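Asker: One structure, pasted below without further comment.
The values are calculated or read from the model by the stated rules, or taken from the named source; none is laboratory data. None of the values given here were measured: they were computed from a predicted structure. Because the Cβ atoms are built from the backbone with ideal geometry, glycine has one as well, and the counts that use them run over all protein chains shown.
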Amino acid sequence: MIIDYNIFLNIALLLFMFATVFFVLLIIFKKEILNLLATSAFIVGLIANFLAFIYKWFAVDYIPLTNTFETLILFSLLVGSLYIFVWRSDPDKIIACGCSLTIVLLIALSGYVDDTSKPLMPALQSNWLVIHVLFCITSYAGFAIAFVTAILAIVMKETESINYYKITYQNVFFAYVFLVLGIITGAVWAEKAWGAFWSWDSKETWAFITFLVYSIYLHGYKQEESWTRKGALIVITGFLFIMFTYFGVNYLLPGLHSYA
Amino acid sequence: MNKSYEEKIEKFFTFISSVNVLSVIFLLIIIASTAGTLFTLEESSKIIYNSFWFQAIFLCLLLAVIYCRLRSLPKNIKEFSTFLVHLSIPVILTGAFIGFVWGDKAYIQLDKSSEVDKAIRTNKTIMTLPFQVLLKDFILEKYKGQPVHTLLFYDKNGTMICSRTFYSEMTFHSDALQENFEILRIIPNIEINDEGKIVSFSNEWNKPAIKLQVQNETIWVFANSSPKKINNLNNISVKYFFEFENAGIKDFKSVVAILEDKRKVIVKTIEVNKPLRYKGYSIYQSGYDETNLNWTVLMVKKNPGIPVVYIGFVILIMGLFFKLYLVSSQQIESKGNEQ
Ligand code: HEM
């Protein structure tokens, strides 16, 4: 048997499934042993996910960030890693459960996309590729966590939801900064590769649209008292926009990014 | 100025700076750009992105930012971070405007070793450059796919009779020659002395050779050398053609010299991701002669707005990081705690 990224990816998938189930059981039965099991599964799962990324890197001779399959591995890895920071300030079981489930879905999704790595076309041979994709996927990961906490804020009782609103805001702001970095590095790169920093290509336009959606959220959140619930709904919608920018644009709309 | 008039202006600005109106401005841009992505870029540039009303929305955004966030300087450090964020908006939009008005774009189709000081815009008008561009060379690099081997058979007049392409050792029958052939070995890199003994060999595809069996005769044929006679077959000779399969284009680049008064100022290789910048002009690799590699297409751009836009980017990033620091160090209480 050859050890390759697929094995680690499958192990990670399995462990995150376990983590999700254990977190659900923990929420119901509140036994300390379940907490230990869930946390260990999560952490070992994250290590397996990291190894999958590293092994993919060795399998191709560039940093594997060039197509949907490769970025999905990074996406799940970053959701898990960012969640560790959220967990340090607030070890909430329900958020943990939601994040593990998100990771399960992302890794499972990677099984349905083409994992063959093609040689890089000229426009992609640039260090900007790595920086740009890292920023974009980091922001997607932050928005994914905010998506989970925004749903919780809406479905939970009012006394509990205050905390979820707060975590949602913090994650959105973090992700927003990285989205801006992603858009700006994309613009600087496009200026070098295509000769224009902004050309209303469908992928960049959709990134800009998501930026505006979250801008609406950030402005309302600071200024209006009655905004909280509306805000959470915008964050949920915003993540659907992110998903469309990430997947939908590649398959449904014409544009310069369509190699992704 | 008349008081009620001033009040009206004040009212207008207060109105366009409220969150709801701000949301409406953002929503309008969202809807318009979403619609834009449904058409081809050419169509949507005409009906949306370059249209007057689309730019008017951005003007409203600009006025709103200036009025509600930039009118007064930040009073404390917390306000300073978002002040920077909002300051970047007029800067970026100004840069974009400068590019829109004073930017210029044209194309050059240039033959090898010829020079030119004019480029042609898409509307067929001519852009005259303050220098000449000379194409010294054009280079196309392809990704190497797997090795492909072809044997070509010739008669005594040197006319090709038949050929056979293969990827690995195999046996085949040629109908044209009424004969069976066996490829015994393919060696990627081989050195053979005059007596036919192997001196050295390796696995890099430098000088491949094929060991071919015809009836009871074995012969070595070397890649891309002249045809070799097959003794068992009267007057037939065989040639071995070797190449890598084309696995896509790796790079295409133009080696270009910039001349002023016939004197070379710069020599540079322009490729995708590596434009040449000179005297406010940027020259990009754009296209090339796909059949003969004899000419290249370069795009010449002038955009004096770029530095302004990039300054805006830097201000935006600084403001956002500053604010992120404040948010994450809890110096700014989020709403949840205030309630
Ligand atoms: C594309 C345009 C704009 C961008 C990217 C932008 C971005 C931001 C960001 C990132 C924040 C910080 C949010 C937070 O504290 O969580 C903010 C706050 C704010 N923005 Fe904007 N903004 C824009 C336009 C505007 C406009 C047009 C107005 C005026 C109506 C405005 C008024 C405000 C106010 C009042 C705040 C909160 C005050 C503060 O925290 O200092 N913004 N904006």
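Asker: Within segment B:92-119, count every residue that is closer than 18 Å to A:ALA196 by Cα, over 21 Å from the mean Cα position of the chain (by Cα) and not small (Gly, Ala, Ser).
Answerer: 8
Asker: Okay, moving on. Among (1) of a type outside the set (Gly, Ala, Ser); (2) within 10 Å of chain A (Cβ to nearest Cβ); (3) closer than 30 Å to B:ILE187 by Cα, which single condition is B:PHE242 missing?
Answerer: The one condition B:PHE242 does not meet is (2).
Asker: Sticking with this one: If B:LYS253 meets every condition in (1) among the charged types (D, E, K, R); (2) within 19 Å of B:TYR107 (Cβ to Cβ); (3) surrounded by fewer than 18 Cβ atoms within 10 Å (Cβ to Cβ) apart from one, which number is that one?
Answerer: (3)
Asker: So, in segment A:9-33, of the ones that are aromatic (Phe, Trp, Tyr) and more than 19 Å from the chain's Cα centre (by Cα), which residue ends up nearest to A:TRP57 (Cα to Cα)?
Answerer: Taking segment A:9-33 first, the residues aromatic (Phe, Trp, Tyr) are A:16, A:18, A:22-23, A:29.
Restricting the remaining residues to those that are more than 19 Å from the chain's Cα centre (by Cα) gives A:18, A:22-23, A:29.
Working: A:PHE18: 27, A:PHE22: 31, A:PHE23: 32, A:PHE29: 41 Å.
Only one residue fits best here, namely A:PHE18.
Asker: What is the one condition in (1) more than 14 Å from chain A (Cβ to nearest Cβ); (2) surrounded by 14 or more Cβ atoms within 10 Å (Cβ to Cβ) that B:LYS264 does not satisfy?
Answerer: Unmet condition: (2).
Asker: Could I ask something else about it? From the set of residues in segment B:12-50 that are outside any helix (DSSP H, G or I) and at the interface with another protein chain (Cβ under 7 Å from one of its Cβ atoms), which is nearest to the ligand (Cβ to nearest atom)? Walk me through how you get there before you give the answer.
Answerer: To start, the set of residues in segment B:12-50 that are outside any helix (DSSP H, G or I) comprises B:18, B:37-40, B:50.
If we keep only those that are at the interface with another protein chain (Cβ under 7 Å from one of its Cβ atoms) as well, we get B:37, B:40.
On the way: B:THR37: 19, B:THR40: 27 Å.
For segment B:12-50, the residue satisfying everything is B:THR37.
Asker: Here is a further query. If I ask for residues that are away from every other protein chain (no Cβ under 14 Å) and either closer than 21 Å to B:LYS105 by Cβ or crowded, with 16+ Cβ neighbours inside 10 Å (or both), which ones from segment B:281-295 would you list?
Answerer: Once the filter is applied, which keeps residues that are away from every other protein chain (no Cβ under 14 Å) and either closer than 21 Å to B:LYS105 by Cβ or crowded, with 16+ Cβ neighbours inside 10 Å (or both), segment B:281-295 yields only B:TRP295.
Asker: Residues that are within 14 Å of the ligand (Cβ to nearest atom), under 18 Å from B:LEU22 (Cα atoms) and loosely packed, with under 15 Cβ neighbours inside 10 Å: does segment B:82-105 have at least one?
Answerer: No, segment B:82-105 contains no residue that is within 14 Å of the ligand (Cβ to nearest atom), under 18 Å from B:LEU22 (Cα atoms) and loosely packed, with under 15 Cβ neighbours inside 10 Å.
Asker: What number of residues within segment A:104-130 satisfy the criterion of being within 30 Å of B:ASN246 (Cβ to Cβ), assigned to a helix (DSSP H, G or I) and among the hydrophobic types (A, V, I, L, M, F, W, C)?
Answerer: Matching residues across segment A:104-130 total 5.
Asker: Moving to a separate point now. Just one of (1) among the hydrophobic types (A, V, I, L, M, F, W, C); (2) out of contact with any Gly (no Cβ under 7 Å at 6 or more places or on another chain); (3) crowded, with 19+ Cβ neighbours inside 10 Å; (4) within 14 Å of chain B (Cβ to nearest Cβ) trips up A:LEU82, so point out which.
Answerer: (2)
Conditions (1) among the β-branched types (Val, Ile, Thr); (2) touching a residue at least 24 places away in the same chain (Cβ under 8 Å); (3) surrounded by 12 or more Cβ atoms within 10 Å (Cβ to Cβ), marked per residue:
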| residue | (1), (2), (3) |
| --- | --- |
| B:SER174 | no, no, yes |
| B:ARG185 | no, yes, yes |
| B:GLU191 | no, no, yes |
| B:GLU217 | no, no, no |
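Listed here are the residues, each with its yes/no results for (1) of a type in the set (Asp, Glu); (2) at pLDDT 95 or above.
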{"position": "A:TYR5", "(1), (2)": "no, no"}
{"position": "A:ALA12", "(1), (2)": "no, yes"}
{"position": "A:LEU15", "(1), (2)": "no, yes"}
{"position": "A:THR20", "(1), (2)": "no, yes"}
{"position": "A:LEU25", "(1), (2)": "no, yes"}
{"position": "A:PHE29", "(1), (2)": "no, no"}
{"position": "A:GLU32", "(1), (2)": "yes, no"}
{"position": "A:ALA52", "(1), (2)": "no, yes"}
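Asker: Is there a residue being within 30 Å of B:PRO227 (Cα to Cα), among the polar types (S, T, N, Q) and without any contact (Cβ under 8 Å) to a residue 40 or more places away in the chain anywhere in segment B:138-161?
Answerer: Checking segment B:138-161: at least one residue is within 30 Å of B:PRO227 (Cα to Cα), among the polar types (S, T, N, Q) and without any contact (Cβ under 8 Å) to a residue 40 or more places away in the chain.
Asker: Cβ-Cβ below 7 Å, separation at least six or inter-chain, first residue in segment A:161-188 and facing chain B (nearest Cβ under 7 Å) and closer than 26 Å to B:ALA96 by Cβ, second of a type in the set (A, V, I, L, M, F, W, C) and away from the ligand (no atom under 13 Å from the Cβ): which pairs?
Answerer: A:LEU181/A:PHE135
Asker: Just a yes or no: is a residue in segment A:189-197 within 11 Å of another protein chain (Cβ to nearest Cβ) and in contact with an Asp or Glu (Cβ under 7 Å, 6 or more places away or on another chain)? If you could, list the steps in order and put the result at the bottom.
Answerer: Just the residues of segment A:189-197 that are within 11 Å of another protein chain (Cβ to nearest Cβ), to begin with: A:189-197.
Pick out the ones that are also in contact with an Asp or Glu (Cβ under 7 Å, 6 or more places away or on another chain) and you get A:197.
Yes.
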